[in-house]
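Comments concern the structure below.
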Ligand SMILES: [Zn+2]
C-alpha cells in the first residue's frame, strides 16, 4: 500500500481535513503540529478528533503525519533556543498522541557554526530529553538539503543522531526528493544506488514518510526550493521510478509542492497514474 497525500491546514479541524483529503483521493496527510512560527498551540477538540478517527477508519486512511514548526532548533548551542525546541517537542508529541497521529517530522537543526558533530550531539541530547518510555508518536528526522549549517543532509549524519538516542526505536526518518537531490544524492539517474546506500546505512524499516517535491535547483546545489511535479530538475520519470520501487511500501508520500488544493489534486492524480498495476 502506498499512501499519497499533501501538506494541508487543519485550522478547521481534523474531521474536515480528512474529508477534504479523501475528496481529492488522498489517503494520508501532513499538517503543522502548531503554527509554523512556533507560537502557542491551539487546544484540542476531542469530539472533532473522535469523528476524524471514525472517518479515517471508514475511508481506509493511512497514518497521519505532523510536521514540527520550522523555527525550533534542536541543534542550537544557545540554551534558551534549545530549551524552547525541547518544550515544543514535548508538548506537541503529547497532543499528537491524543489526536491519534503516528508521526512527527522534525528538522535535525542548524549548528550555526559549531560544526556538524556538535549539531548531531546536540540534536540527540534534545531527543533524549524529550523521548520517554510513554512516547507513542514516532519522531521522524528529516533528511535535509544541506543549506547553510543544516545538520542531517547525509544518511551517515542521520544515522549518527539515531544511534545516540536511547529510545532509538522511537526515531524514524522522513526523506524529501528535493532535499536528497540538492544534497548530492542522484535519485534522477541513479535511484537504485541511492536507495541501496540508504538501506545499508539506515534501513528502509525506518522510512515512514517521504516528501515528494520536484526541485528548482540541480544535483548537489545544497539549496532547498521545491517545484511542482514534472516542472523541475527531477522530472516525472524520477517520481515514476520512486513510486514503483519495491522498497517503497507502507510509506506516506506527502506533496509539499507550491500551490493549493487544486494543484495537489492534479499532482495526486498524476502520481497515482504513474503507479504500475502490480505495485
Ligand atoms: Zn520539513
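Computed from the coordinates by the stated procedures, all read-outs in this text should not be read as laboratory data. From a predicted model like this one, the values you see are computed outputs, not experimental measurements. Heads up, the Cβs are rebuilt from the backbone with ideal geometry, glycines too, and the neighbour counts pull from every protein chain shown.
Counting every other Cβ atom within 10 Å of each residue's Cβ, 9, 102 order from fewest to most as 9, 102.
Report summary: the helix-based calculation at 222 nm, which adds -39500 (n - 2.57) for every DSSP H run with n ≥ 4 and divides by the residues of the chain, gives -12000 deg cm²/dmol.
Measuring r between the beta carbons of residue 40 and residue 133 and using R0 = 22 Å, the FRET efficiency lands at 0.25. The smallest convex shape that holds all Cα atoms of the stretch 55-97, its convex hull, gives 71 Å³ per residue. Each peptide in 50-56, 84-90, 119-125 was scored by the mean count of other Cβ atoms within 10 Å over its residues; highest first, the order is 119-125, 84-90, 50-56. Applying 0.36 nm per residue to the separation of residue 87 and residue 163 and subtracting their alpha-carbon distance, the gain on full extension is 25.1 nm. For the pair the stretch 204-253 and the stretch 55-104, the centres of their Cα atoms are 23 angstrom apart.
Ranked by the mean number of other Cβ atoms within 10 Å of their residues, highest first, the peptides 133-144, 189-200 come out as 133-144, 189-200.
Here the chain is treated as a sphere whose radius is the Kirkwood value from Cα pairs; by Stokes-Einstein at 20 °C and 1.002 mPa s it diffuses with a coefficient of 114 µm²/s.
Panel order for 118, 70, 264, 181, by other beta carbons found within 10 Å of each beta carbon, from fewest to most: 70, 118, 264, 181. In this rough spin-label picture, where each label sits 7 Å from Cα along the Cβ direction, the residue 47-residue 201 distance is 5.0 nm. Principal axis extents of the C-alpha atoms in the stretch 29-140 (largest first, rounded to whole Å): 49, 24, 23. Taking the fewest neighbouring Cβ atoms within 10 Å as the starting point, the ordered list for 4, 202 is 202, 4.
Tell me, Kirkwood radius of the stretch 162-279 from alpha-carbon pair distances, in Å? Radius from the Kirkwood sum: 14.8 Å.
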